[in-house]
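Notes to accompany the following structure.
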Amino acid sequence: MHLRSFVSVAALLLLASALPAQPPAESGVARDAKNNAPLRCLHVALIDSTDRAVAHAVTDSAGTFVLVAPSAGVYRVGFEIFGWQRLVGPADTLEAGALREREYPLAFERELRGDSIAPGGDLLAALRHRESDAWHSPSVGTPDVAIRYPRRMALARLSGVVVAQYIVDERGRVPSDSWRPLTFTNDDFLTALRAHLPTMRYQPARLDGRPVCELVRNRVAFDWQTPLPFVTLFN
């Protein structure tokens, strides 16, 4: 090797050794376990060994995400739909500069309710503890807009439930093509909720202070004794 080439290589190695080590990261693709469709706008959090969320992201249209860890350590990837059980991937020990990539088939099936948290615990506190200065989930912007109770169901004194999944976009709107029912007890209740869709307004989720989209689920209980159900992201 020529002396000039040797000096150049040595200089590059010296420069590389002087550069700070890149932080580790977790990357992946979130998919619906039932139909393999990508889950877009899903809230993803990087969970450290103390169960604290240290980084947040939202999946893109292909369901992909990248979470940069603050330092080397043991981390897991958590997937969140407000009001539903957090799904968590396996623990990874990440060294500086490491990038761990996986596909995550996800099935959100367990709803967080008062009887699914620790005795004496508070449901809202259990949900809100996942929020931080960096991440805030969307909130209802038009609570005074009531869903019309189906007349036939009210006259028959019939109650029911509709659970739907949809995206709240950066403006707090619900794109109609993102809305799909998951479970419902009667077609009339489903029709009433569909008719309510154009009026739905939210304060959007915020990531590091900027509005972002988020995939949410909404459980609406129709009770004939209380014909004006209140729309929330929980209960």
Step by step: first the residues of the stretch 139-182, then only those that are hydroxyl-bearing (S, T, Y) and open to solvent by less than 80 Å² (accessible area, probe 1.4 Å), then the one that is nearest to H43 (Cα to Cα). Which residue is that? Y166
Yes/no for R76 being modelled with pLDDT of 95 or more, of a type in the set (D, E, K, R), open to solvent by less than 70 Å² (accessible area, probe 1.4 Å) and part of a strand (DSSP E or B): no
When you go through (1) at pLDDT 95 or above; (2) out of contact with any Ser or Thr (no Cβ under 9 Å at 6 or more places or on another chain); (3) open to solvent by 20 Å² or more (accessible area, probe 1.4 Å) one by one for T50, which number turns out not to apply? (1)
Go through the residues of the stretch 191-207 one by one and say whether even a single one is at pLDDT 90 or above, closer than 17 Å to S61 by Cβ, hydrophobic (A, V, I, L, M, F, W, C) and open to solvent by less than 50 Å² (accessible area, probe 1.4 Å). yes
Of everything in the stretch 59-72, what is open to solvent by less than 20 Å² (accessible area, probe 1.4 Å) and either over 21 Å from V212 (Cα atoms) or over 15 Å from the mean Cα position of the chain (by Cα) (or both)? Give them in sequence order. A69
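The values are calculated or read from the model by the stated rules, or taken from the named source; none is laboratory data. No experiment lies behind these values; they were computed from the predicted model shown. Note that each Cβ is placed from the backbone with ideal geometry, even for glycine, and that neighbours are counted across all protein chains shown. For the accessible areas, the whole protein counts, side chains as well, though only heavy atoms, and no ligand, DNA or RNA atoms are used. Shrake-Rupley method; radii C 1.70, N 1.55, O 1.52, S 1.80 Å.
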